[in-house]
1. Per-residue HN-Hα couplings for the stretch 266-271, Karplus 6.51 cos²θ - 1.76 cosθ + 1.60 at θ = phi - 60°, whole Hz, x for Gly and Pro?
2. Which is farthest toward the positive dipole end of the chain among Ser249, Leu127, Ile1212, measuring Cα position about the Cα centre, with Cβ charges +1 (Lys, Arg) and -1 (Asp, Glu)?
3. What does the charge count around Ser322 come to, taking other residues whose C-beta lies under 15 Å from its C-beta (Lys +1, Arg +1, Asp -1, Glu -1)?
4. For Lys316, go through the lysines and keep the ones whose alpha-carbon is under 22 Å away, minus same-chain ones fewer than eight residues off.
5. Please work out the FRET efficiency for the pair Ser386 and Gln735, using the Cβ-Cβ distance as r and a Förster radius of 51 Å; give the result to the nearest 0.05.
6. Placing unit charges on C-beta atoms (Lys and Arg positive, Asp and Glu negative, everything else neutral), compute the dipole magnitude of the stretch 520-668 about its Cα centre in debye, rounded to 20.
7. Please give, to one decimal in nm, the separation of the simple spin-label points placed at Asp644 and Arg245, each 7 Å out from Cα toward the Cβ.
8. Starting from the Cα gyration tensor of the stretch 229-370, take the square roots of the eigenvalues, sort them a ≥ b ≥ c, and report rounded, prolate or oblate (rounded when a/c is under 1.5, otherwise prolate if a/b is larger than b/c, else oblate).
Amino acid sequence: MGHLTRIEVSNFKSYKSTQTIDFGSSYFTSIIGPNGAGKSNMMDAISFVLGIKSSHLRSSQLKDLVYRDRILSDENDVHSQIGKDATTASVTAVYVKDDGTEMHLKRSITTQGSSEYRLNGKVVSALEYFRALEEENILIKARNFLVFQGDVEAIAAQSPRDLTRLIEQISGSLEYRAEYENQKLEQEKATEASNAAFSKKRAYHSEIKQYQDQKAEVEIYEEKLTEKDSAIITHILWKLYHYGRIIDSANVQVDVANDQLARLRSDLSSAQDRFDTSKTEHAKSIRQSQKQERTSRKIEKMIEEKTTSMVPVDEKIKVINSNEKQRLARQKDISADFARQEAAVSQLKQDIHGIDRAIEQFEEQQRNVSRESGISLSEADLREYSRLKEAFNRQAAKEKGHLDNLLRQKRTDEDSLSTFRSRIDEYRKQKAHLEEEIVDLRARHDQTSARVNHDLQDLASKKQQLNDLVSERLEQGAKEQETNEKLQKCVNELIDVNADRRESERELRLKETISSLKRLIPGVRGRVSDLCKPKQRKYETAVITVLGRNIDAVVVDTQKTASDCIAYLREQRAGISTFIPLDSVIIKPISTSLRGMHKQMRLAIDTIDFDPGNERAMQYVCGSAVVCDDLDVAKHIRWERSIDAKAVTLDGSVIHKGGLMTGGRSNMTKNRKWEDQAVKGLQKLKENLLTELAELAKNKRNPGVEEALSGDVDGLEQRLGYEREQLAAIKRSLQSRQNELKFVDEHLQELGPKLKEAEATFEGIRVQTSKLEMSVQSIENEVFARFCSKIGVTSIRQYEEFQGALAQEASIKRLEFASQKTRVANQLRFEQERLDETEERLNKIMSTVERERQLINQLQSERAAINEEIDILESEKATINLEYSTHKNIVAERADVVAKNRAEVQKITKDIEKRSKEMAALQEELEKTCSLRTGILRNCKLEGIDLPLLDGSLADIPIGEEAVTDNRMQVDEESAASQLGQAIEDYGITVNFDSLDPKLRESESSDVEESLLDRIRTLTSEMETMTPNMKAVERLEEVEHRLDDTEKEFDKARRDAKNAKDSFNSVKEKRLDLFNRAYTHISEQIDKIYKELTKSKSFPLGGTAYLTVEDQDEPYLDGIKYHAMPPMKRFRDMEQLSGGEKTMAALALLFAIHSYRPSPFFVLDEVDAALDNANVAKIANYIHDHAGPGFQFIVISLKNALFQRSDALVGIYRAQIENSSRALTLDLKAYPE
C-alpha cells in the first residue's frame, strides 16, 4: 500500500498563504507543538482534504475554514477577527501509491463557499473523488484512517448497533443492505457502483501517469523559457554596449573629415579657374568636327534608309512570283475540272437529243400501227355490241366494281413502286457523283496540306535565320551602344559643348543619379531646374538667383518617396541632395496684392513656366520673392513700399528680407581642373573607342539581308494564311459532300425496305385482280359468245384489247420518255451551273495573274531608281569623310592643351570625392548603428523584454518611424554634421550595463555574438523539441468523461445480465459472507491486539477482549457487543471501565478493524490524552513495532513517551508576526535511539 508524503495548506484555518508539511518516507510521524499552535488544525486539514464534512471539523460552514487575519488566544476561537480575510482556501495531499506514482488530492473552498475537488489537477465530482480514495482503502464513511481528539472513548462506548454498522462499513456488507431490503433492484445499483469504481481506477492508472509526465515536461519547458529570456537580454546588452562605442568613435572621425573637406574645396576653386580659360578654344575647334561627323552620319543614314526601302520591294517581287506559281498550279487544276465538267455537259446534251429522236420514232410507229389494224364493225354490230355490253355490265356490276377498285389500287401501287425505283436510281447516281467529288476533294486536300507543311517548315527555318540575325544585330547594337556611351562620356570629359553653360562633374553625376531615381523609384518628378524654365530669356539670371540652392532640389510626390531616395543615395554613396515632397511641403500663402503693384515688378513664380502638377513645389522654392527690372525698383518696393519680400533684379542683385543687399551674379559655372595623365588617358581611350566603333561598323551585316528575311517571313505567313483558308474551304466542301453522301445513304437505306414493301403489296393486289378478272371473263364469255362467233374473234376481250392496248401502250411510253427527259434535263442544269462557276474561278485566277505581272514590272522600275540614288549618296559620303579626318586631327592637337590644366582639377576632385565618400560612409555607419540601436530598443518595447535601465523608459520610444520635422528632407553638405547629431537619438534612455560580463564588454568579435546566439538557438531548439501539452488537464477531463460514459453503458449491460441470474438468497449470502469474514477477522485479531497493548512485565499475558453477536443467523440485523477485561480485572461492562482502560480498549478495536481493511495511513489526534505514561509507552511500542510499508502512522501528541519513538517529528508553532501557524520537520531516523 502507499503512503502520505506531504500536505500543502493554503489559507486554511490558522495557516496563512501556502505552506508544505513534508512527511517524507517516514511511516511513524508525530506532530507536536504547544497548545494553540495549530496541531488540531493540521488534523482538520488532513480530514478536510480526505473528504470529511465541515461539521466534523469544528465548523458550521466551509467559509469558517478559510484563514482569517486574526490573533487567536485559542485555536478553537473562530469568531474574533481583525484585518483582511482571504476568500478561498485549499488543502492538497500528495499520496504515493505502491507503484511509485503520485496521486494529488486537492480540496478547495471557492469564493461561493462551496467545495471543489481536484484529482491530479483535474476538477472532479465528490463521488469520483471518494471512489479514488476508496480504491486505496481510505473509507470516508467509516473513517478508518483517522481518529479525532476525544473520539477514542466514544468508539469504545458506542452502542452494539453502531458497532455493527461500523463493521458493515468496514466489511463492505453495508453496500448490500439496500439491495437486501429492495431485493434485486437495489442489488443492481450497488453492483453498478462497484463496477464503475473499479473501471475508473483502471483507467486512471494509465491516464494519470501520462498527464503527470506531460506536467513535468511543461515545468521543464518553463525553466528553459526563463533561461532563454536571460540569454536574450545578455545578447541585447552586449550589442547595445558596442553600438555605443561605435557611435562615439564615429563622431570623432566626422569632425576630422569636415576640416579636410573645407581645405580641399578651397583648392578646387582655384584650380577650376585656371582650367576654364584653356578649354574655350578646344570647344570651338571641336564644333566644326562634330558638324562634319553629323553630316557624314546623316548621309550614312540616308544610304541605309534607301537600302532598307529596297528590301520590301524585293520581298514583294519574291512573294508575287511565289503566288504566281501557286495560282498557275491552281489554274491547271481548275482547267482540268472545267474540261471534265464541260465533257459531262456535252454528253448530257447528246442524251437529251437522243431522247427527242426516240420520241419522234415512237410517234411514227404509233401512227403506222393504227393504219394497219384489221378489225372493223358495221353499225348493227356496234349497236349489238353496245346492248351486250350493257347486259354484261348489269350481270357483272358487282364483280366489275370490285375489279375496278382493285385495278385503281393496282395502278396506284404501280405508280408508287415506279416512284420508289426512280428515286432509288436517282439517289444512286447522286451517290456516285458525290463519291467522285469526295475523291477529288481529298486529293486537293492532300496537295494543299502538303504545301502548308512545306511552307511551315520553310517559315520555321526563315524565322530561325531571322532570329539569329536579330540576335546578332542586337548584340552588336548593344556593343555599339555601350561603346558609344563610353565614347560620349569620354568626349564629354574632353570637351565643353558650351563654355559658358557647361555643367560640372557634380551636376553630371546629379543628373545620372536623378535619372536612376526616376527609373528605380516611382514618384520622382525631377530637379526644380528641369521642371521649370523662365518665360523670357531676360528672367534667367533672376530666376536662378531666386531659386538659389533649391535649383538642384528634387521634387517627389510623397514623403515616403523622399525617404526611399535618401536611402538609395546612402546605399550607393551617390552624393547628397535636397528633396521636396509635394504631399507634405508647407507653403506660405502669397499676398495677392503683390501682383500689379508696380509695372516693373512681378512675382518670381509668375516669371516661370511649369507643369500644374508641380505648382506646390514651385510655390515653395519661389516663396513671395519678386523680380524687379533694376535695383531702383527693388529698393522702392522693399523700403519705400515696405514690402516684406525678397527682391531680385534682372542682373541678379538681391535685397533680402532682413535688409541685406548683395551684388549681381558672377560666373555661375563651377570650375574643374584635370591632370595631364588623365587627359592623355582619355584621348587614348577615345581613339580606342573610335577604332572599336569602326570595327563594329565594318562587321555589321547588311540590313537588307534581315529585311529580305523579314519579307520572306511575311510572304510565307501571308501565303500560309491563304493556303490555310483554301484548306479550310476544301475541308468545308469535303465535309459538306460527306454529309450529302451520308444523307443519300440514309435515304437509300430508308427506301430499300419501302420498295420491298411496295412490291409485296403490288403482288398481292395483282393476284386478287387476276382471280376477279377470271370471274368477270367467265360472265363476259357467256354474254358475248354468239357475238364473238359472228365477228370472228375468240373472245370479246381480243377485240377490246386490240383497240385499247394501242392507246394505253402509247400513253405509258410517252410518260417514260417525259420522265427520262426531265431527269436528264435536271442533271444538265446542275452540271451547267458547276461549269459556269468553274469558268468564273478560272477567269478570276487568270486576271489576278495578269495584274501581278504588271505589278512586278512596276516594282522592278522602283528598284532601279533606288539603286541610282544610293550611288549618288555614296559619292557624297566619301567627300565628307575626307574633310572630317582633317578636322579630327586639329581637335586632337587642341585637346592636349586642355589636358594639362585638367590634371590638377581631377586630382583635387578625386580627393574631394574620396573624402566625401568617407564622410558618407561615416554618416551611413553612424545612422545605421543608431538605427540598429533604436531598432533593438523598439523590439524590446514591442516584445516586452525587461531591459535594465538607469534612466528613461522604453515607453518613450515610438513604434513607427520618426516623423520628419521639416517639410524638406535635406541631405546637403552643410547639414551633414547636424544630421549626424540628430541621428544619435536615444529618447532619454540610459541602459544599465552593470549586469554585462566584463569579458563581453572587452570583445565585440562575431565569435562572441555567435556564441551568445548559439546559446539562444540551443535553448530554442530544445524548447521546440519538447512540445509540452499545455492542455493536458482539459484533455484528461475529456478522456475521463468519454470513458465514464462508455463504462456506464458496459456496466449496465453486465449488471442487467448478472442481476437476471441473481436472486435474493444470493444477495443475502454475499452480505452474510462479507460480514462474517470481517467479523471473524476482527474477533480473532482484537484479543491479540488487546493483549499486546495491555501486556507488561508484571502481566505478560495482558488482558482479554472479545466480541459477541446478538443475532447468530444474520448478525448485521442486530448489535455486536464489545467486551474488554484489563489484566487481573474481572469482567465488567465497557461503561464501567476507567478512562485509560476505555482508551486502550478503543484503540485495540480500532487497530483490529484497521487490520481487516487497512488504510495506508492512520491519523490519531491526541489519543493518548487520557493515558498514563505506562499506557502511553505501550501505545508507542505498538505503533513503532507495526509502522512500516502499508501501515503509516501520523500521530498528534503532547506526550514525550509517544513522539520520542517516532521516525520523524513535525513541529507546529505560532508565527506571531505573520499571525500564522508554521511547521518544521525533523527526521529522527538519523539519530540512534
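Every read-out reported here was derived from the displayed coordinates using simple, explicitly stated rules and does not represent laboratory data. Predicted model only: the values in this text are computed from it and were never measured. Note that each Cβ is placed from the backbone with ideal geometry, even for glycine, and that neighbours are counted across all protein chains shown.
1. Each residue's phi maps through the Karplus curve to give 5, 5, 5, 4, 5, 5 Hz.
2. The one lying farthest along the dipole's positive direction is Ser249.
3. Numbers: positive: Lys316, Lys318, Lys325, Arg327, Arg330, Arg451, Lys462, Arg719, Arg853; negative: Asp314, Glu315, Glu324, Asp455, Asp458, Asp712, Asp714, Glu717, Glu723, Glu852.
Spelling it out: positives minus negatives among the neighbours equals -1.
4. Lys306, Lys325, Lys462, Lys463, Lys844
5. Numbers: r = 69 Å, r/R0 = 1.35.
The computed FRET efficiency comes out at 0.15.
6. So the dipole magnitude of the stretch 520-668 works out to roughly 220 debye.
7. According to this spin-label approximation, the distance is 5.4 nm.
8. Oblate shape, in that a/c is at least 1.5 and b/c is the bigger or equal ratio.
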